[in-house]
Amino acid sequence: MRRAGGLPDLSCLTPDEAWSLPNAGDSIYLVASCDDNESDPLDLVVDVFAYDPAALGIQGEGIAIQVDPGHLEPDENELSVNQCAALEAYGTGDNLGSPGEANVACP
């Protein structure tokens, strides 16, 4: 089953499957089931996270979008006012994000 711009459902992935998020923005769906026999799996949506790097002034690659840790609830996390460009440098190059770590507060 594939949605959200052709991305596989993350909850249904095996560890060796690769996936990526497009830089142009998209929506990520968190669903409660991976059962391909469900008549309409979108009825089982737990949360939808829409993101748009351009709306946040993010240009180019290597800069993650983060949600302010004070606004993680499903009804708050996809509002652009509660998102910002990641602030923490990691890895090599100009990468910004906090993989495996908690987000810092957005400015």
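The values are calculated or read from the model by the stated rules, or taken from the named source; none is laboratory data. These figures come from a predicted structure and were not determined experimentally. Note that we place each Cβ from the backbone using ideal geometry, even for glycine, and neighbour counts take in every protein chain shown.
Okay, here's what the table says:
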read-out	value
Residues located in the range 33-56, provided they are modelled with pLDDT of 70 or more and part of a loop (DSSP other than H, G, I, E, B)	52
Failed item in (1) in a loop (DSSP other than H, G, I, E, B); (2) modelled with pLDDT under 85; (3) among the acidic types (Asp, Glu), with residue 76 passing the rest	(2)
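Table: residues versus (1) touching a residue at least 24 places away in the same chain (Cβ under 8 Å); (2) in the same structural domain as residue 27 (by TED's automatic domain parsing); (3) exposed (fewer than 14 other Cβ atoms within 10 Å of the Cβ).
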{"site": "65", "(1), (2), (3)": "no, no, no"}
{"site": "72", "(1), (2), (3)": "no, no, yes"}
{"site": "80", "(1), (2), (3)": "yes, no, yes"}
{"site": "85", "(1), (2), (3)": "yes, no, no"}
{"site": "91", "(1), (2), (3)": "no, no, yes"}
{"site": "94", "(1), (2), (3)": "yes, no, yes"}
{"site": "104", "(1), (2), (3)": "yes, no, no"}
